[in-house]
Each structure stands twice: as structure tokens, then as C-alpha cells.
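What follows is a short report on a single structure.
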Amino acid sequence: VLAANVLQSADGATYKVGDSTGWRVPTNIDFYEDWADDRVFFVGDVLVFNFTTGKHNVAVVTEAAYEACNTTDTITIMCNGPARITLNRTGDFYFICAVPGHCSAGQKVRVKVKNGNGHAAAPAPGPMPTLPRLELQVLLLRAPLRLELRAPARVELQVLLPRPTQLLSLLLLSPLSCTCPLP
């Protein structure tokens, strides 16, 4: 039953990827494709990838990397389950498991995100408090960057990656605790 696997919040719906199956190598190679095709996703919805840490992961990749199951050119990778990803823009999102052989066995999903809100109307968010501007320069790009915010705040994080044309930009709303692995 779909209703049991979608949790409603003020920001959007929360979907458990694969429902009760979770995020693992499927017995049917089209399992996650079929799962995503049965749903309509909107900006603000959250995907929860339930997996055992150390056995699986979830990587955000480009369309080309998704099609080729290229596990070496990931945008970001989350190694601790369960992983929560907020769909923060319209368009296609591509996710794979970067453990060797898992993507080619069907552990991958493309999610098409629409603009608007197809869920129950939520009240408009209140204004964010004005906080001092914090600038952070990350000198060691081999270590994960960990942010912990306990009070309501709006945080914009931009990380310049080794190639001059790459810029990772994240918009985070707190309270939150996230680890952002950097390449």
C-alpha cells in the first residue's frame, strides 16, 4: 500500500526508495525503475534510501554515469544508511549504488521531479532569522565536511572543486546534521 510508504511533512512527501525492499540489489533488474515510474515527485520531497552501512551506498551521478553505471565519477556519495536526500530542483536525479556490480545488477534509480506541490497545501514558512554571515574555506578536500546546526538558519554552502568549472552548491535548512563527502 503506497500510503504506508509515503510520509507527509510540511516540506513535501517522504518516500522510502524501494518501499519495504529498501535499497539493495534487486531480484528484478527493472525494480527501481518500475518503483519510480509509479510515483510523481515534486520539489521538496525527500527520498530515504534504507541500506546497511558497509554493504551498500547511494551515489548521485550524471545521466551518462547512470546509463554506464560509472561508479568512479560520482557527484556525491553517501555511505551511511539510511541516507536522506531532498529533491531541491526540477528535472531528473540519478542515483546508483557504487559498490562494484550493484548498479549493473539494477541497483539504480532515476527520479523525475516536477515543480509545484502535488501534496496537501502546507502553511507558508516563517521568515528566517538574520544571522551573521559565516564564510568557510575548505583547504583539505580529501576529508568530509561536517556541518551541525541546531537553531533555525538558512545556510548556503559552495565548494570549489579541483576543476575550475566545477562548483558544488548546497542550500541547507537547519536544524540539521549532514556530512558532505568531497571528491
Looking at the range 12-23, is at least one residue at pLDDT below 90, in a loop (DSSP other than H, G, I, E, B) and touching a His at 6+ places or on another chain (Cβ under 8 Å)?
yes
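Out of Ala105, Ala98, Ala65, Ala59, I need the residue that is out of contact with any Leu (no Cβ under 7 Å at 6 or more places or on another chain), surrounded by 13 or more Cβ atoms within 10 Å (Cβ to Cβ) and within 18 Å of Tyr15 (Cα to Cα). Which one?
Working: Ala105 fails: within 18 Å of Tyr15 (Cα to Cα); Ala98 fails: within 18 Å of Tyr15 (Cα to Cα); Ala65 fails: within 18 Å of Tyr15 (Cα to Cα).
The conditions single out Ala59.
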Can you find a residue that is surrounded by fewer than 21 Cβ atoms within 10 Å (Cβ to Cβ) and on the phi > 0 side of the Ramachandran plot anywhere in the range 18-31?
yes
Output the residues belonging to the range 71-91 that are within 17 Å of Asn50 (Cα to Cα) and aliphatic (A, V, I, L, M).
Ile77, Met78, Ala83, Ile85, Leu87
For a quick check of your reading of the model, give me the residue pairs whose first member lies in the range 55-77 and is charged (D, E, K, R), whose second is open to solvent by less than 50 Å² (accessible area, probe 1.4 Å) and assigned to a loop (DSSP other than H, G, I, E, B), with beta-carbon atoms closer than 9 Å and at least 6 apart or on different chains.
Lys55/Gly81; Lys55/Val99
Exactly one of these conditions fails for Gly44: (1) crowded, with 20+ Cβ neighbours inside 10 Å; (2) touching a residue at least 40 places away in the same chain (Cβ under 8 Å); (3) in a loop (DSSP other than H, G, I, E, B). Give me its number.
(1)
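The values are calculated or read from the model by the stated rules, or taken from the named source; none is laboratory data. Bear in mind the structure is a predicted one, so any value in this text is a computation, not a measurement. Glycine also receives a Cβ, built like all others from the backbone with ideal geometry; neighbour counts cover every protein chain displayed. Side chains are part of the model used for accessible areas, which takes the heavy atoms of the whole protein and leaves out ligands, DNA and RNA. Shrake-Rupley method; radii C 1.70, N 1.55, O 1.52, S 1.80 Å.
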